[in-house]
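Everything below concerns the one structure shown next.
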Amino acid sequence: MSKTSQYKKHKPVKFQSLSRKIVSQFCLFTLLISTVYGMFCFLLMYSLEDDFIEREVRNEAQYLQQSYDQTGIWPAARVNYMQLYFSKNTLPLEIRQRYIEEPRRKEFSGDNGRHYHLFVLPKAENTYLVAQVSEMLIVRPISGNVLQVMMTSGLGLVFFAFIIAWKLGSNTAKPLKKLADLVNGVAPEKIPDNFAQQFPNNEIGILAQTLENAMRKINQSLLREKCFTRDVSHELRTPVAIIKNAVEVYRNQHSADDNNPLINRISQASTQMEQTVTTLLTLAREEHTYADKKLTKILPLIEQSIIDQHHLINNKPIEVEVNDNCDREVFAQAGMLTVLLDNLIGNAFQYTQDGKVTIEMQNNTLIVADTGPGIDPSISDKITEPAVKGSQSTGYGFGLSIVKRLCEHQNWSLLLSNEHGTKISITLQ
């Protein structure tokens, strides 16, 4: 079972205008309301027209029924568009079959725009009053024009809604835009003091006041960090320089003892410490990302790192293989690469008890793989966080955290694979 984790910088989210969103939402809302209201009015006109016709038909049916009850003879309808039928089979041909199939139906459409209303007289069996109401229809003949008027008026309403929304959106978003322009891309220490007083006493003012307080605290933290970095730089560089000078003095005084392993080890450690301090201080300042970058041979740095970290093998049966493809140049800072290699190779040597450590370059990707126990699944998702370490670690858990910060600082891609050991791939862009 393998698990792979990749760490890259997230792409910035595309900016979306708040005022534009207000305008679009307002216009969509107006269009929706106009459509719903227009359909309601349209259906209401149809309903009123049908109710009027239905009332006329019922009144006529009541008159015919009363006349029949009094005389025993069905009279003729008082209007020429209504007629009595005394069988389903005698109904007008246009509605006969449909009424037989749908006996509950009351309205029927015929050819050439004809429209029928059918009423079953309740007291007389198989007696039907049919009204051909085509001449009485008002809404149906002009429905196309009505829809056209509604669409035109709806678009007009949307246009006016756009103007109103644009003004509302501009007025609403203006202080927000002013606040965004004030803080966007500006260093915290360059933001003016008491800028929250420029904004109205509402939610925007509360946001501005909160940002002002946050910026003030950030400025104070940056100032403390700057002072700390400056002091640490002096306090760390001074003893390292003293050690290096002491080594040089010793070698000058004991020229016959140039190959003293202890002195050589002190010299290498002081050089490594100097590079590490420089790298970590660069990371702390978050600047000089491209400073001192040049084409650097990576193979000598790998070999030196293996020598420096060799004590972690401690006579364990481990084979170290450096692929020939590492004999190449990469565009990077030598100090950054040294800290990177020391952490990666040191971890591989420390956690591998028996097996092999492989170091190679594939295109522009540095790969350090080992056959150790791999990363504990319980911490695999946060292994690059500070102070997170495995159960077998004897360090403080900052190695991979520094590696991750280096990659973020240099825009390198970091990929961790947990399969038959640990494989770390870093693309040096």
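The table for this structure:
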{"read-out": "Residue in segment 320-332 that is of a type in the set (S, T, N, Q), closer than 15 Å to G372 by Cα, assigned to a helix (DSSP H, G or I) and in contact (Cβ under 8 Å) with a residue 24 or more places away in the chain present", "value": "no"}
{"read-out": "Hits in segment 300-341 - residues which are within 43 Å of the chain's Cα centre (by Cα) and among the β-branched types (V, I, T)", "value": "I302, I306, V322, V330, T338, V339"}
{"read-out": "In segment 341-375, residue modelled with the lowest pLDDT [restricted to those that are of a type in the set (A, V, I, L, M, F, W, C), in contact with a strand residue (DSSP E or B) (Cβ under 7 Å, 6 or more places away or on another chain) and not in a strand (DSSP E or B)]", "value": "I375"}
{"read-out": "Residue check for K177: in contact with a Leu (Cβ under 8 Å, 6 or more places away or on another chain) and among the charged types (D, E, K, R)", "value": "yes"}
{"read-out": "Entirely in segment 47-122, the strands (runs of 3 or more DSSP E) that have 1 or more residues that are free of Cβ contacts under 8 Å to residues at least 24 places away in the same chain", "value": "107-109, 115-120"}
{"read-out": "Residue that is surrounded by the fewest Cβ atoms within 10 Å (Cβ to Cβ) [pool: residues in segment 50-78 that are in contact with a helix residue (DSSP H, G or I) (Cβ under 7 Å, 6 or more places away or on another chain) and over 18 Å from K123 (Cβ atoms)]", "value": "R78"}
{"read-out": "In segment 264-319, the residues that are assigned to a loop (DSSP other than H, G, I, E, B) and modelled with pLDDT of 90 or more", "value": "P317"}
{"read-out": "Enumeration of residues in segment 107-124 that are out of contact with any helix residue (DSSP H, G or I) (no Cβ under 6 Å at 6 or more places or on another chain) and within 15 Å of E56 (Cα to Cα)", "value": "E107, L118, V120"}
{"read-out": "Segment 126-156, residues that are outside any helix (DSSP H, G or I) and either under 54 Å from the mean Cα position of the chain (by Cα) or loosely packed, with under 13 Cβ neighbours inside 10 Å (or both)", "value": "N126, I138, V139, R140, P141, I142"}
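The values are calculated or read from the model by the stated rules, or taken from the named source; none is laboratory data. Just so it is clear, the model here is predicted, and its values are computed rather than measured. For neighbour counting, all protein chains shown are included, and Cβ atoms are generated from backbone atoms with ideal geometry for every residue, glycine included.
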